[in-house]
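The values are calculated or read from the model by the stated rules, or taken from the named source; none is laboratory data. Keep in mind the model is a prediction, meaning the values are calculated, not measured. Reconstructed Cβ throughout: ideal geometry from the backbone, glycine too, with neighbour counts over all protein chains shown. Just the protein is used for accessible areas: all its heavy atoms, side chains included, with ligands, DNA and RNA removed. Shrake-Rupley method; radii C 1.70, N 1.55, O 1.52, S 1.80 Å.
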Amino acid sequence: NELFFIDRNILNTQLPTITEHSPASLIAFPFEESFPMKCEATGNPGPEFRWTKNGEDFDPYQDPRLITLDDSGTFIIPNNGNLTEFQGNYRCFATNKLGTAMSEEIEFIVPNVPKFPKEITEPIEVMEGQSVILECNPPKGIPPLQIYWMTMSLQHIEQDERVSMGLNGNLYFSNAIKTDSRRDYCCFAAFPRIRTIVQKNAMSSVSKHLLDFTNSLLERKPSLLTPTGKESHTYLVKGEDLQLECIAEGFPTPEVEWVKIGFHKLPERAVVESHGKLLTVEMVNEEDEGKYMCRAKNPHGEVVHYFYVTVEEPPEFEIEPQSQLVTIGADVVIKCVVKGNPQPSVAWRVNGQPLNDVPTSNRKILKDGTISIHNAKPENSAVYQCEATNRHGTILANANIMIMNIQPLILTENNLRYMAVEGKGAVMHCKVFSSPASILFSLSDPTRIVDPPRDLRVLAGTTIQFSCQAEFDPSIGDDFEILWEKDGMALNGIVFLDVPDPPEDVIHSEHNGRSVKLQWIPGDDHNSSITEFVIEFEESQHEPGSWRELMRVPGNHHSAQLKLHSHVDYRFRVYAINEVGRGRPSQATERYKTPASAPDKNPENIKIEGHLPHEMDINWEPLSPIEHNGPGLEYKVSYRRQGNGEDWKEHMVKRHSFLVKNTPTFVLYEIKIQAKNHMGWGPDPKIITAYSGEDYEHAFKLANTIDISLTVNALCIYWRLRSLLDSKKTHGDKHTLTFSGERNHAVVTGLRPFSEYSLIVMAFNSRGNGPGSHPVSFKTPEGVPGEVAAFSVTSIQKHKVTLTWSPPVDANGVIIGYILQYQLINDTEEQGSLMSLNISADSNKLHLQYLEALSKYKFYLRCCTQMGCGPAVSEERTTVPEASEYGISNQGWFIGLMCAIALLTLIVLIACFVNRNKGGKYSVKEKEDLHPDLESPGINDDTFCEYSDNDEKPLKSSQHSLNGDLKGGDSGDSMVDYGDEDAHFHEDGSFIGEYSGRKDRVSMEIKGNNQSTA
């Protein structure tokens, strides 16, 4: 018992292990409130934490400005204006009596606000045709850096073959022209991660006296403005984007072309941009290394530049040091194999100290960097750290090495009872801890008959078959057999059927990366032909000991070509199936590990959720471990707003979710997720679309129902602003709803379709209402329209009628048309078939033809929107009989009556006319007698002085010029005689028609052929 408790205490001891720490770079963005420097660890006894800053001891507990946490190594740096004091490189150490674990180095970066230096730039004087370089020289800041050239009025400087911005931010003019002269060239540098844009003082490209020469342009062959020299070297990290540029000057403007030396064409992923001046290859790998050349040429010559591109890699573990529990006296080997370009340097530490500072006689470092501990002792127990570094980064791994002897200790409690379902498997635990590892023994499973033979009644002469299925412990192997008896006597000469024996000599061959050939020899089929073989696999990395089906082949096949996943340590086995059942599996093959490769697929079942306003939570189903195809699986999450042309925003994550913050409310996004491991990228991902978070949680239940989020004891006030068919907003009647109790949402009903509403929510209690929320506007979807207005049936004839109507008062959406239905409804019970017509939305009248005469019809009219058709309005009408076809206007008595009325009207008009003209002579007649018109045709007639109705008289409405054919001075009706001095005209020059010297009205007539005014 005493030994048991000693062993239990030893078992509970644990070397410290750091479980969480801050990333290698922690940037103090000015808009963040605080910055946690994380360090969490496990161990028994519980570890104590300490920090170093720039290699010196640093105690966060001694600085009252820092916030520390109990039982944790994490401390928090508040953003209180003195962040620069904390800038530096930190490392966390977790220590207990067994050893010390340490974290990677964490750099705390406090970015300065980038500023252009205050300087006065002299105008750049240039002759037309010469090259010009406007230097930007942006300040340093947190990448990425985005540079723009604009005018003072924020208009972008147009770029083309002649004018372009280089990767360094400078603005290059291959040859200047007169229109380049301006005084407000401005360079803007944007640092999106710190939300800062800075502007350089405006620059002038020319002075007022330059760029005005009349000399011909200076034609010349090209030369390079950037890069300089004949060749240059470019070093990139694998996965970065390669960008090579050549900007040339000359006149005419040079053209630039690119080649990769030794290849007929550029790589497929190479893209030439910026009018040929920029070559881009995204996410470079080793294949993109080599020698590239740009050539700038014009009619006067050419110039070339060579780029030597080298793709390098940061350190990466090929074999990471593993924690080990080793018995006293054993030899310990701790391997740490890394790769990278340039080759990383490897440094070993023990408990956070350099290995050479902690010497021991039985430990040495081999030539390949492996640590070897001979005849290990308990004092060799420690945390060993392997740290690999090259110019592209540093990686660190901790390995806990525990040296102890512990006799086998069964950790599972005794006398545990297990519940199991008959016919199903049961798992019984036997957890053991020991050093060295124990060998476990267990009792064999009992042998039992699970499917005994059943009684049969058969006809004489027919064949019968008995079945006996048994279960037994697989460890029995070939010692298992089934015996049959009849009436207590052994049966002889009878054919017994059984499941097939396990296949033998299962081997794999023809190894070709992810493909192998598996072969086997079938076992005894026990008088029942094998119908198929099932191939299973087990892998040692993710689910060791678990066998899963890989494929099936027909029973007459004794080999199969296997398609495998990458970076998996496989072993295989085969079992056979016949009509009796499934046989036992074969012995497992030797292991075969497939090489690593890029992922074959991308994540599926991507779900987008907007739990909060201005956020978009992206989740997906991760690749299963066996689908990783290699180490270092990550996911690239790319997203952008749909339809506005913005670039993809990309983030690399290792988990299977990502939260996008600061999104506009309920905006449609495009999202794609691509898998990546250390070997490369998965296939091109599919793009899905989804909306960002809503400003309030809502979902339309019906056309007139909306679900809103609210607080406990809430007052909801809403009102209708307008119909969406009307652009003018009005403040409609307010409606109020109250909600109480533990709830955070409510349903607002009774809303009108296709309308815009505004809504506020406020909390209330017994003291009154709290402040209201910001008004939220929302729109209800279309609904079915109301009844058609003013429906009538008119102009009823023998075979046709006219229907008129007006749109419904409540359209509830955009009207897409009307549906007219009609049928015979004569007094009998039988009704005619229902006829239908579709009518366009802009119609309000229909002439319906081809109806039966003297028949009663019922007409139904419905209005429709995209959501459906509204209720019908109906009218009943009867068409006229055959005799009514010509109407009353065709009847004889009617025609006679109309003729009589016309005749009487004519007689009355003649009588009135005669009576009017018998009023005596006009006073004008006397004037005519005194001043006769000698040219008048009737001057010598006897009737000249008499008034005659036979003379041609003008109609009142037939007005002509007052002059007519009268001659001046001879007029028989002179205005002088009638008070010429008082005569006047209207403003339009027409004569008023009354002589101002007379109070009585005067009529005038001029005899002869000339018509006069009346």
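Numbers for the structure displayed
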{"quantity": "Top-ranked residue of the range 47-73 - restricted to ones that are polar (S, T, N, Q) and assigned to a strand (DSSP E or B), ranked as nearest to GLN353 (Cα to Cα)", "calculated": "THR52"}
{"quantity": "Odd one out for HIS698 among (1) modelled with pLDDT of 90 or more; (2) open to solvent by 30 Å² or more (accessible area, probe 1.4 Å); (3) assigned to a loop (DSSP other than H, G, I, E, B)", "calculated": "(1)"}
{"quantity": "The range 149-181 - residue that is closer than 26 Å to VAL198 by Cβ, part of a loop (DSSP other than H, G, I, E, B) and of a type in the set (Val, Ile, Thr) and, of those, least open to solvent (accessible area, probe 1.4 Å)", "calculated": "THR151"}
{"quantity": "Selection within the range 779-819 - open to solvent by 50 Å² or more (accessible area, probe 1.4 Å), part of a loop (DSSP other than H, G, I, E, B) and on the phi > 0 side of the Ramachandran plot", "calculated": "SER795"}
{"quantity": "Every residue from the range 643-679 that is in a loop (DSSP other than H, G, I, E, B), touching a strand residue (DSSP E or B) at 6+ places or on another chain (Cβ under 7 Å) and surrounded by 14 or more Cβ atoms within 10 Å (Cβ to Cβ)", "calculated": "HIS656, THR663, PHE666, VAL667, HIS678"}
{"quantity": "Filter pass, ASN390 being under 18 Å from PRO321 (Cβ atoms), open to solvent by 10 Å² or more (accessible area, probe 1.4 Å) and either under 56 Å from the mean Cα position of the chain (by Cα) or among the aromatic types (Phe, Trp, Tyr) (or both)", "calculated": "no"}
{"quantity": "Members of the range 572-596 found to be over 15 Å from PRO625 (Cβ atoms), basic (Lys, Arg) and either open to solvent by less than 10 Å² (accessible area, probe 1.4 Å) or in a strand (DSSP E or B) (or both), listed by number", "calculated": "ARG573, ARG582"}
{"quantity": "Odd one out for ASN629 among (1) at negative phi; (2) open to solvent by less than 20 Å² (accessible area, probe 1.4 Å); (3) modelled with pLDDT of 90 or more", "calculated": "(1)"}
{"quantity": "Residues of the range 348-366 satisfying the condition of being open to solvent by less than 70 Å² (accessible area, probe 1.4 Å) and either modelled with pLDDT of 95 or more or part of a strand (DSSP E or B) (or both)", "calculated": "TRP348, ARG349, VAL350, PRO354, ARG363"}
{"quantity": "Enumeration of residues in the range 784-801 that are touching a Lys or Arg at 6+ places or on another chain (Cβ under 8 Å) and either acidic (Asp, Glu) or over 13 Å from TYR857 (Cα atoms) (or both)", "calculated": "VAL788"}
{"quantity": "Unique residue being at pLDDT below 95 and either crowded, with 16+ Cβ neighbours inside 10 Å or more than 44 Å from the chain's Cα centre (by Cα) (or both) when the list is ASP525, ASP569", "calculated": "ASP525"}
{"quantity": "Any hit, the range 367-376, residues being open to solvent by 10 Å² or more (accessible area, probe 1.4 Å) and free of Cβ contacts under 8 Å to residues at least 24 places away in the same chain", "calculated": "yes"}
{"quantity": "Filter pass, THR280 being β-branched (Val, Ile, Thr) and open to solvent by less than 30 Å² (accessible area, probe 1.4 Å)", "calculated": "yes"}
{"quantity": "In the range 744-778, the residues that are over 32 Å from the mean Cα position of the chain (by Cα) and either within 30 Å of LYS728 (Cα to Cα) or assigned to a loop (DSSP other than H, G, I, E, B) (or both)", "calculated": "GLY750, MET762, SER766, ARG767, GLY770, PRO771, GLY772"}
{"quantity": "Checking ALA41 against (1) open to solvent by 50 Å² or more (accessible area, probe 1.4 Å); (2) outside any loop (DSSP other than H, G, I, E, B), the condition it does not meet", "calculated": "(1)"}
{"quantity": "Selection status of PRO143, open to solvent by 80 Å² or more (accessible area, probe 1.4 Å), at pLDDT below 95, in a loop (DSSP other than H, G, I, E, B) and closer than 18 Å to PRO23 by Cβ", "calculated": "yes"}
{"quantity": "Test: TRP484 is touching a strand residue (DSSP E or B) at 6+ places or on another chain (Cβ under 6 Å), at pLDDT 80 or above and among the aromatic types (Phe, Trp, Tyr)", "calculated": "no"}
{"quantity": "Test set (1) part of a loop (DSSP other than H, G, I, E, B); (2) loosely packed, with under 15 Cβ neighbours inside 10 Å - ASP501 fails condition number", "calculated": "(2)"}
{"quantity": "Residue check, GLU257 touching a Gly at 6+ places or on another chain (Cβ under 9 Å), over 30 Å from PRO315 (Cβ atoms), open to solvent by 50 Å² or more (accessible area, probe 1.4 Å) and modelled with pLDDT of 90 or more", "calculated": "yes"}
{"quantity": "Subset of the range 597-625 [open to solvent by less than 30 Å² (accessible area, probe 1.4 Å), outside any loop (DSSP other than H, G, I, E, B) and either over 19 Å from VAL653 (Cα atoms) or modelled with pLDDT of 90 or more (or both)]", "calculated": "ILE618, TRP620"}
{"quantity": "Selected residue [over 14 Å from the mean Cα position of the chain (by Cα) and aromatic (Phe, Trp, Tyr)] from TYR639, TYR635", "calculated": "TYR635"}
{"quantity": "Cross-chain or 6+ apart pairs with Cβ under 9 Å, the range 630-652 first and touching a residue at least 24 places away in the same chain (Cβ under 8 Å) and within 11 Å of TYR669 (Cβ to Cβ), then in a loop (DSSP other than H, G, I, E, B) and aliphatic (A, V, I, L, M)", "calculated": "SER638/ILE687; ARG641/VAL667; GLN642/VAL667"}
{"quantity": "Search result, residues across the range 269-309 that are closer than 17 Å to LYS238 by Cα, under 32 Å from the mean Cα position of the chain (by Cα) and of a type in the set (D, E, K, R)", "calculated": "ARG269, GLU282, ASP288"}
{"quantity": "Search result, residues across the range 535-566 that are surrounded by 13 or more Cβ atoms within 10 Å (Cβ to Cβ), outside any loop (DSSP other than H, G, I, E, B) and within 42 Å of the chain's Cα centre (by Cα)", "calculated": "GLU536, PHE537, GLU538, GLU539, LEU550, MET551, ARG552, LEU562"}
{"quantity": "Residue that is most open to solvent (accessible area, probe 1.4 Å), among those in the range 402-437 that are under 27 Å from LEU355 (Cβ atoms) and in contact with a helix residue (DSSP H, G or I) (Cβ under 7 Å, 6 or more places away or on another chain)", "calculated": "MET404"}
{"quantity": "Residues within the range 335-347 that are surrounded by 20 or more Cβ atoms within 10 Å (Cβ to Cβ) and part of a strand (DSSP E or B), tallied", "calculated": "2"}
{"quantity": "Residues within the range 182-208 that are more than 30 Å from VAL110 (Cα to Cα) and crowded, with 18+ Cβ neighbours inside 10 Å, tallied", "calculated": "4"}
